[in-house]
Amino acid sequence: MAEIVEIPVGAESAGLRLDIFLASRLEDLSRSRLKLMIEAGAVRVEGAAAKPGRRLAGGERIAVQLPGPEEESPRPEPLPLELLYRDESIAVINKPPGLLVHPVRRGQGGTLVNALLYHLGSLPETGSPLRPGIVHRLDRDTSGVMIAARTGPAYLDLVQQFRDRTVEKEYLALVRGRPPREAGECLFPIGRSPKQRTTMAVRYAGGRPARTIYRLEEEFAGYSLLRLVIKTGRTHQIRVHLSRLGCPVLGDPVYGKKRGEKYALVPRQMLHAHCLGITHPAVRRRMKWTAPIPGDMEEVISRIRRL
């Protein structure tokens, strides 16, 4: 059984965020790990669920359900995994479409993390026990190049590279329609949608800066193949930007589907992480990997070419 601890909030802690307060009281748990626990409902303030950014008033009682050791970390699973490169510090993967990158709740399996643990052994839990070694993510239905850290120092170095925006990230997207120009950039700020908090939207008030550079690679009858370079890493950035430009990713069920429209011949959103370049965290050499367009996307492109 998971242990439940109760923590009183003193008057001196009034005004603190919930996740920051708990990080100061539960030193064995990182703030990122506590945030996941709060979002999963394992933390209750006065008996009610709360958000990580909730400001405390002082005087509350917080109940924290601490996960047991068997629940805390994902388990290795013999899932297929295509490795583009690996050494003692990093592993580069060609992620197939339809694969979730990491568990979003304790006990969940069938993710890329479960496969990595099986094929590579232990991974650093520097960031979160549910996301060992994971320094960036791709959507479940987005395919392509991903990198994972195999050591704590490599994890911290790669996280800093993503934070400093020195990582090269290039995508290919099959879209409906075409952008306004053959080449350009999109600078719409992105934030949580005020209508549906699980999705993102262009937000001029409160949105975060986002930059996507695009180039038209090939144009078909009513469709286009775009090459994109993202200079920021906002959630759903490419999908939101292309939708706003009037050329949404084909097969995108959230940002690109018209009312009543069906994607009978499109198995998923046609977005592929084509290239990834980083500075190796140990040898400090610039390295870059490319993942070929997967078969399902290639088949859709071939079909459109024949129209």
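Derivation of every value follows stated rules applied to the coordinates shown; laboratory data play no part. Just so it is clear, the structure is predicted and the values come from calculations on it, not from any experiment. Counting neighbours? That spans all protein chains shown, and the Cβs are built from the backbone with ideal geometry, glycine included.
For the chain, modelled as a GNM whose springs connect Cα atoms under 10 angstrom apart, the maximal fluctuation among Phe21, Phe188, Phe162 occurs at Phe21.
Per-residue Cβ neighbour counts within 10 Å put Lys195, Lys231, Lys288 in the sequence Lys195, Lys288, Lys231, beginning with the fewest. What is the sum of charges, Lys and Arg at +1 and Asp and Glu at -1, for the other residues whose Cβ falls under 10 Å from the Cβ of Gly246? Computed value for this residue: +3.
Note on Arg165 and Arg181: the model spin-label points, each 7 Å out from Cα along the C-beta direction, lie 1.8 nm apart. Here the Karplus curve 6.51 cos²θ - 1.76 cosθ + 1.60, taken at θ = phi - 60°, turns the phi angles of segment 291-306 into couplings of 10, x, 4, x, x, 5, 6, 4, 5, 5, 4, 4, 5, 5, 4, 7 Hz, with x standing for Gly and Pro. For the chain, DSSP calls about 95 percent of its internal beta bridges antiparallel.
Straightening the chain between Val104 and Asp87 buys 3.4 nm, computed as 0.36 nm per residue apart minus the Cα-Cα spacing.
In this Cβ point-charge picture (+1 for Lys and Arg, -1 for Asp and Glu), the chain has a dipole of about 1320 debye about its Cα centre.
With contacts taken as Cα pairs under 8 Å and at least 6 residues apart, the chain reaches a relative contact order of 14 percent. Adding -39500 (n - 2.57) for every DSSP H run of four residues or longer, then dividing by how many residues the chain holds, sets the calculated 222 nm ellipticity at -5500 deg cm²/dmol. Cα-Cα over 26 Å: which of Lys51/Lys95; Lys95/Lys195; Lys51/Lys195; Lys35/Lys288; Lys51/Lys169; Lys51/Lys231? Among Lys51/Lys95; Lys95/Lys195; Lys51/Lys195; Lys35/Lys288; Lys51/Lys169; Lys51/Lys231, the Cα-Cα distance tops 26 Å for Lys51/Lys95; Lys95/Lys195; Lys35/Lys288; Lys51/Lys169; Lys51/Lys231. From least to most packed, judged by other beta carbons within 10 angstrom and beginning with the fewest, Asp164, Asp252 follow the order Asp164, Asp252. Rounded to whole numbers, the Karplus 3J(HN,Hα) couplings from phi for segment 150-166 are 10, 9, x, x, 5, 4, 4, 5, 5, 4, 5, 5, 5, 5, 7, 6, 9 Hz, using 6.51 cos²θ - 1.76 cosθ + 1.60 with θ = phi - 60°, and x at Gly and Pro.
Starting from the Cα of Thr279, move 7 Å in the Cα-to-Cβ direction to define the label point; list residues of segment 84-99 whose amide nitrogen is under 20 Å from there. Flagged as within label range: 87-92.
Database remark: amide H of Leu66 closer than 5 angstrom to the amide H of Glu3, Ile4, Val5 (H placed geometrically; neighbours at sequence offset of 5 or more, or on other chains; Pro and chain starts carry no H). One chain, two ends: Glu3 and Glu219. Fully extended at 0.36 nm per residue, the span grows by 71.9 nm beyond their Cα-Cα distance. Recomputing Rg/Rh (Cα atoms, Kirkwood Rh) from the coordinates shown identifies the correct label among (i) 1.00; (ii) 1.07; (iii) 1.35 as (i).
Derived scalar couplings between HN and Hα for segment 173-188 equal 9, 9, 10, 8, x, 8, x, x, 10, 5, 8, x, 9, 10, 10, 5 Hz in order, rounded to whole Hz, by the Karplus curve 6.51 cos²θ - 1.76 cosθ + 1.60 (θ = phi - 60°), x for Gly and Pro. Charge dipole (Cα centre; +1 on Lys/Arg Cβ, -1 on Asp/Glu Cβ; no other charges) of segment 3-71 amounts to roughly 400 debye. Its residues counted as N, segment 73-164 yields a C-alpha radius of gyration over 2.2 N^0.38 Å of 0.97. Within segment 210-237, find all residues whose amide N lies under 15 Å from a label point positioned 7 Å from the Cα of Leu307 along Cα-to-beta-carbon. Those under the cut-off are 218-226. The Cα atoms of segment 3-71 cover 36, 21, 17 Å along the three principal axes, with the biggest extent listed first.
Taking every alpha-carbon pair within segment 174-307, the share separated by more than 26 Å comes to 28 percent. Protection proxy ranking, highest mean first, for peptides 170-178, 115-123: 170-178, 115-123, where packing is the per-residue count of other beta-carbon atoms within 10 Å, averaged.
Scanning residues 5 or more positions from Leu250 or on other chains, those with amide H under 5 Å from its amide H are Leu174, Val175, Arg176, Met270, with H placed 1.01 Å from N in the peptide plane.
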